[in-house]
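Visitor: Got a structure here, written out as structure tokens. Questions coming.
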Amino acid sequence: MVKVQWYPGHMEKARREMTEKLKVVDMIIELRDARIPMASANPLLKSMAQGKPRLVILAKRDMADPSQTAAFEKALAKEYGSCMSLDLMHDAKCKGKIVRASIALMKEKRDKQLSRGIRPRAVRAMAVGIPNVGKSTMINRIAGKNTLIAQDRPGVTRSLTWLRADSDLELLDTPGVLWPKFDDEKTGALLAAYGSINDDIFDVKMVAMDAIHEIQDLYPGLLEGMFDADGANPNQMLKKIAEKRLLIGANGQPDAKRAAETFLHDLRKGRIGRLTLERPNAA
Ligand code: G4P
């Protein structure tokens, strides 16, 4: 399996930043990749969520296996209170869905305020997510340009940037990069396969072979059919992909490295099919 390093220094910085920001928000919006809903979980939240309500959004649902997405939504809603899957690229209604789900999550608190005659202020949420899960896309969708909120108001720290998504939802921008951390090699392999870890720190062939192995296990016959590769192991599969894509090296042999790069590119873009490489019952 692929070995990937993570950087404690970055992690520490992200941890400090998150601790500060958590103090001023009502809730957390956690972005995950619907194709790897567990591996793409935010590693810091486990120890740091401070009991804040959490809305888990499984982004890229258009590229994930619909039946697995439904199963994960159910399992994660049970675990965290609220979970939904979204196609952040094409769903015109995603802003409304996120605003409504966020307000629903804070309903009890808001109802209490109303019963005491207090008009609830907008819900303040912090968006978090490891790289490449769709966080910037979501922020742009729900709080596009020109939505910066002026900072001169009580109770709002000056150094933080707030975006207005809606009259009832404000978003704390979190520019800090949150590096993924993983306790097991499989998580690292999945994060690498889907591009949440920089391509330059791992062996691309290993990553592709790990991904091929997982796909062969969870979607038997799919790659074999696609690349005319009955009975091929991951290494042989790369050669078959090279042949099929006419990726031949200077020595006249199939170029497995370029095949691995092409395969991972296609996998990330959803061109291998709507796949989910984890299963909820293992959560
Ligand atoms: P990040 O801030 O969490 O790092 O992620 P970002 O929003 O930049 O999204 C990463 C890529 O995923 C982008 O593609 C974005 O368009 C795509 N993306 C985000 N959400 C969805 C979704 O729900 N469905 C689909 N199909 N794509 C989504 P990109 O700009 O082409 O980047 P890359 O693929 O070249 O890295």
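Laboratory data are not the source of any read-out in this text; all were calculated from the coordinates shown. Just so we're clear, the structure is a prediction, and the values are computed from it rather than from any experiment. Ideal geometry is used to build each Cβ from the backbone, glycine not excepted, and the neighbour counts take in all protein chains shown.
Visitor: Among 247, 216, 88, flag the residue with its Cα farthest along the positive direction of the charge dipole of the chain, charges on Cβ as +1 for Lys/Arg and -1 for Asp/Glu.
Guide: It is 88, whose Cα lies furthest towards the positive end.
Visitor: What is the set of long-range amide H partners of residue 124 at a cut-off below 5 Å, with H atoms built 1.01 Å from backbone N?
Guide: The list, which skips near neighbours in sequence, is 26, 27, 170.
Visitor: Direction-averaged shadow area of the convex hull around the Cα atoms of the range 217-268, nm²?
Guide: With the hull built on Cα positions only, its mean projection is 3.6 nm².
Visitor: How far apart, in nm, are two points set 7 Å out from the Cα along the Cα-to-Cβ line at residue 119 and at residue 246?
Guide: In this crude label model, residue 119 to residue 246 measures out at 6.7 nm.
Visitor: Roughly how many whole Å is it from the C-alpha centroid of the range 16-41 to that of the range 88-111?
Guide: Between the Cα centres of the range 16-41 and the range 88-111 lies a distance of 16 Å.
Visitor: Output needed: percent of Cα pairs per 10 Å distance bin for the chain, bins running from 0 to the one holding the longest distance.
Guide: The percentages, shortest bin first, are 6, 27, 31, 20, 10, 4, 1, 0.
Visitor: Hey, got the dipole for the chain? About the Cα centre, +1 on K and R Cβ, -1 on D and E Cβ, debye to the nearest 20?
Guide: With only Lys, Arg, Asp and Glu charged at Cβ, the dipole is about 1460 debye.
Visitor: Could you point to the residue in 115, 140, 67 farthest towards the positive end of the chain's charge dipole, with +1 and -1 charges on the Cβ of Lys/Arg and Asp/Glu respectively?
Guide: Toward the positive end, the furthest listed residue is 115.
Visitor: Right, here's the next one. Based only on other Cβ atoms within 10 Å, what is the fewest-to-most ordering of 213, 90?
Guide: The most exposed by this proxy come first: 90, 213.
Visitor: Moving to a separate point now. Anything over 18 Å Cα to Cα? Flag those among 23/97; 21/78; 52/107; 52/109, in the order listed.
Guide: Listed pairs above 18 Å: 23/97; 21/78.
Visitor: Got a sec to turn the phi values of the range 33-50 into Karplus ³J(HN,Hα) couplings, 6.51 cos²θ - 1.76 cosθ + 1.60 with θ = phi - 60°, whole Hz, x for Gly and Pro?
Guide: Working through the residues one at a time gives 8, 4, 7, 9, x, 9, 4, 8, 5, 6, x, 7, 5, 3, 8, 10, 4, 6 Hz.
Visitor: For 194, 219, which order do you get if you count the other beta carbons within 10 Å of each Cβ and list the fewest first?
Guide: 219, 194
Visitor: If contacts are Cα pairs under 8 angstrom and at least 6 residues apart, what is the relative contact order of the chain in percent?
Guide: In percent, rounded to a whole number, it is 23.
Visitor: Could you check the simple spin-label distance between residue 67 and residue 19, using points 7 Å along Cα→Cβ, in nm with one decimal?
Guide: About 4.6 nm, to one decimal.
Visitor: Right, next: Quote the FRET efficiency, to the nearest 0.05, computed for residue 168 versus residue 47 with a Förster distance R0 of 45 Å and r equal to the Cβ-Cβ distance.
Guide: 0.90
Visitor: Per residue, what volume in Å³ does the convex hull of the Cα atoms of the range 67-147 enclose?
Guide: 125 Å³
Visitor: Could you give the dipole magnitude of the range 5-142 about its Cα centre, charging the beta-carbon of Lys and Arg +1 and that of Asp and Glu -1, in debye to the nearest 20?
Guide: 660 debye
Visitor: Output wanted: per-residue J couplings in Hz (rounded whole) for the range 107-124, from phi through Karplus 6.51 cos²θ - 1.76 cosθ + 1.60, θ = phi - 60°, x for Gly and Pro.
Guide: Here the 3J(HN,Hα) series is 4, 4, 5, 5, 5, 4, 4, 4, 5, 9, x, 9, 7, x, 7, 4, 5, 9 Hz.
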